[in-house]
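Reading through the structure tokens given below for one structure.
Read the figures in this text as sums done on the coordinates, not as results from a lab. In this text, all values refer to a predicted model and were calculated from it rather than measured experimentally. As a convention, Cβ positions derive from the backbone with ideal geometry for all residues, glycine included, and neighbour counts pool all protein chains shown.
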């Protein structure tokens with residue numbers, strides 16, 4: 001599941017998946033602009049079939065936060 | 001034809017377009033009152049699919065006023081061919097979006113009138129500063145009103161304001177030839193406010209068209225790109241069995257095929273009704289079907305529920321020949337290019353075969369469910385033109401007359417004989433407000449009998465017409481079978497008093513091969529003589545398609561000098577005597 005998530009983020013942000021890890025942030029990845037952030041949110045919702053609340057969405061500061069919120073919606077990460 | 005590609009699919013695809021070569025080019029400006037990121041990437045991908053290079057300029061967030069009012073703005077420096085100005089109801093109305101009833105009914109009216117003035121002022125400034133066409137969106141009608149169901153009992157209520165605003169804009173913008181109103185309200189109606197507007201998107205980034213509907217919005221805007229570039233399709237070629245009716249006529253027989261008021265026959269009737277309405281607006285219909293001619297004609301002429309009859313088809317290829325070969329013959333007989341045709345066939349193998357052999361023919365996928373045919377046909381925007389001319393709405397009739405001419409041609413012993421019996425009549429007019437749209441349309445669409453293939457928008461033709469150093473005119477061509485409408489155009493540059501330059505000279509393919517071009521050229525020659533001009537200079541710019549006009553200049557007595565052709569006006573010009581010419 002982590003791989004699916006990283007690939008999705010990599011696709012939206014147009015960077016190699018190998019550059020994505022749980023510590024990745026909008027500061028560490030240049031293409032993670034606010035607009036790409038919205039696109040990412042939308043892609044996450046479609047791919048994982050979830051709907052984030054506005055509080056959850058605003059709370060995302062790095063990839064680990066995305067994982068945590070996806071997990072709250074029942075998406076299980078094995079690692 | 002993927003049913004749903006997400007915005008990020010388009011964005012990734014757009015990144016791969018850099019450095020690719022395309023056949024055509026368009027520069028698009030995007031100005032908006034809200035965040036519209038992603039639209040330019042989708043437009044680039046959709047243009048690339050049509051072999052168009054699309055270069056975009058996206059104005060800063062909510063900077064449309066500054067971009068338009070400052071005549072030195074980066075937007076004007078970009079000099080687009082077409083600009084989309086995308087405004088939204090919320091931004092326009094400001095606090096009155098929430099509190100319209102803090103104003104009295106008469107204040108609401110004044111408010112709307114002021115807003116119309118504001119927008120028109122912007123449009124006016126825009127038109128003074130750039131040659132770009134402008135597509136302005138009208139305003140979506142918010143479903144919510146604080147008055148709720150009492151709206152309908154309210155004098156000039158919130159909803160009336162929006163309706164009034166839109167209708168005033170539409171009326172006022174008719175005066176602006178290069179400005180078009182995109183019916184955004186209709187777009188929202190098509191997909192629903194709940195889908196197009198997403199509160200979270202709005203709160204996060206002032207995104208007022210939700211990210212999943214940006215691709216749909218771009219699809220609608222592509223109609224203008226097709227219209228501006230003059231690449232709209234002209235002809236629909238149809239298969240018969242399981243396309244115009246259900247079942248197979250050769251097996252099921254006249255009574256056995258599905259066509260009539262009961263399902264599934266009514267889905268085929270519906271499909272035919274929409275085809276018929278497209279034909280009435282100028283799209284030519286043709287048939288390309290593997291069948292016994294007699295069986296098929298029996299349905300077309302005798303079936304009580306056929307909507308389309310023989311007279312609705314400009315060309316019918318019903319035989320057991322190869323469908324690609326049939327398609328080529330249809331293009332040849334109708335004198336149109338492969339890239340002007342759309343092919344409908346229920347059989348995926350036939351479609352794939354057509355796409356492989358004639359990739360320029362647009363062959364959309366058809367589902368096996370005939371109840372979707374009508375919707376698919378309605379959703380195709382390949383037929384988009386910016387304006388419907390008189391010639392468009394009479395086109396089907398003209399092709400029918402053409403069929404009769406062809407029959408006469410077959411019975412005449414030689415060409416001269418045939419032309420004499422046609423009673424050709426050419427009426428030449430200088431450009432005026434009525435014929436300028438058609439003149440522009442002909443320069444945009446004519447490929448074969450076109451000396452220089454220069455493409456001119458309406459504004460260009462208008463500018464030339466007001467220029468005393470230019471001569472712009474057109475020719476209307478009639479014969480005993482009917483009126484072909486305006487089908488010839490010339491543009492002459494008169495800067496040098498000794499030597500006029502034939503900038504543009506063209507004939508629509510419908511009237512080729514009747515020597516009317518000589519009568520038209522004779523008009524230009526006699527005008528030149530009246531002004532004591534010594535010679536006319538012309539140029540033939542070869543393209544893939546304009547071979548038919550290659551011999552025109554030498555056949556009229558032009559002599560080649562380097563890469564130009566010269567006609568000395570002391571030389572007499574031989575005009576075809578069987579053509580009657582009037583000048584208006």
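What average number of partner chain Cβ atoms lie no more than 10 Å from the Cβ of the residues making up B:8-19?
Per residue, the average neighbour count from other chains is 2.
Between rounded, prolate and oblate, where does chain B land on the alpha carbon gyration tensor, with a ≥ b ≥ c its root eigenvalues, rounded for a/c under 1.5, else prolate if a/b exceeds b/c? Please list the in-between numbers first.
Working: a/c = 1.96, a/b = 1.22, b/c = 1.60.
Since a/c reaches 1.5 but b/c is at least a/b, the shape of chain B is classed as oblate.
Computed on alpha carbon atoms, what radius of gyration and Dmax characterise the protein assembly as shown, expressed in Å?
Every Cα atom of the protein assembly as shown included, Rg and Dmax give 29.0, 92 Å.
Compute the FRET efficiency between residue A:30 and residue B:149 as 1/(1 + (r/R0)^6), taking r as their Cβ-Cβ distance and R0 = 60 Å, and round to the nearest 0.05.
Values: r = 51 Å, r/R0 = 0.86.
Calculated transfer efficiency: 0.70.
At 0.36 nm per residue, and after removing the present C-alpha to C-alpha distance, how many nm does the segment from residue B:203 to residue B:128 gain when stretched out fully? List each step's numbers first, then the result.
Working: separation 75, 0.36 × 75 = 27.00 nm, distance 3.63 nm.
Additional length available on full extension: 23.4 nm.
Under the definition of partner shielding as Cβ atoms of other protein chains within 10 Å of a residue Cβ, what is the mean value for peptide B:200-209?
What the average comes to for B:200-209 is 3.
Taking the alpha-carbon centroid of each part, what is the distance from the range B:1-56 to the range B:478-501 in angstrom?
Centre-to-centre (Cα) distance: 38 Å.
Based on DSSP, what percent of beta bridges with both residues in the protein assembly as shown are antiparallel, to the nearest 5? Show your work: numbers first, answer last.
Numbers: 32 of 77 bridges.
Antiparallel bridges: around 40 percent, rounded to the nearest 5.
If you find the alpha carbon centre of the range B:385-438 and of the range B:209-266, how far apart are they in angstrom?
The distance from the Cα centre of the range B:385-438 to that of the range B:209-266 comes to 29 Å.
Testing the spin-label approximation: label points 7 Å from Cα along Cα→Cβ at residue B:347 and residue B:325. State their distance in nm.
Between residue B:347 and residue B:325, the label points sit 1.5 nm apart.
Would you calculate, for the protein assembly as shown, the mean residue ellipticity at 222 nm contributed by helices, counting each DSSP H stretch of 4 or more residues as -39,500 (n - 2.57) and dividing by all residues, to the nearest 500?
Numbers: 28 runs with 283 residues, N = 663.
The per-residue figure over the protein assembly as shown is -12500 deg cm²/dmol.
Ignore the peptide's own chain and count Cβ atoms of other chains within 10 Å of each Cβ in B:35-45; give me the average, rounded.
Averaged over the peptide's residues, the number is 1.
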